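Asker: Okay, here's the structure, questions in a sec.
Only the coordinates and a few stated rules stand behind these numbers; no lab work does. The structure presented is a predicted model; accordingly, all values stated were derived computationally and were not measured. All Cβ positions, glycine included, derive from the backbone under ideal geometry; neighbour counts span all protein chains shown.
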Amino acid sequence: MLRLELNDLLECGFELSLTGTTESELSRLSVGVGELEAMPELADGDRSPYRNMTFILYGEQWDIVERAIARATKPREPNNPNRSPQGNALAAICAEYLERVS
């Protein structure tokens, strides 16, 4: 909330130094930094092979996904570098789904 309020003050031309907030605090809060229109592209060599995904689930979707992941979670296979059993389970569920609908 503080970041939003400080950005609003900045947009109105208010001198932020009058708030008593230091430059390093403003920087940490990303005050004065505009939103990105798109994520910057990384060179292939700079991208980690591990990637995060975030989902928002509604109502019973949470229970369905949780049950499917619990059922699909298996001990990690020796050749699988991913240590996340949930990530491995989700990948297995998606692979099986794609095989069925293809």
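Asker: What is the angle, in °, between the Cα long axis of helix 2-11 and the longest principal axis of the Cα atoms in the chain? Nearest 10 is fine, range 0 to 90.
Answerer: Once rounded, one gets 50 degrees.
Asker: Please list, in chain and number order, the residues 5+ apart from Thr73 or on another chain whose amide H is under 5 Å from its amide H, with Hs placed from the backbone.
Answerer: none
Asker: Right, another one. First measure r as the distance between the Cβ atoms of Asn80 and Arg100, then evaluate 1/(1 + (r/R0)^6) with R0 = 25 Å and state the FRET efficiency to the nearest 0.05.
Answerer: The calculated FRET efficiency here is 0.65.
Asker: Using a simple spin-label model with points 7 Å from Cα along the Cα→Cβ vector, what separation in nm is obtained for Glu23 and Asn52?
Answerer: 3.0
Asker: Okay, next question. For segment 58-102, state what percent of all Cα-Cα pairs lands in each successive 5 Å bin, counting from 0 Å until the bin that includes the largest distance.
Answerer: Bins of 5 Å from zero give 5, 22, 24, 23, 17, 7, 2, 0 percent of pairs.
Asker: Ok, one more. What percentage of all Cα-Cα pairs in the chain are separated by more than 17 Å?
Answerer: Looking at the chain, the distances longer than 17 Å represent 71 percent of pairs.
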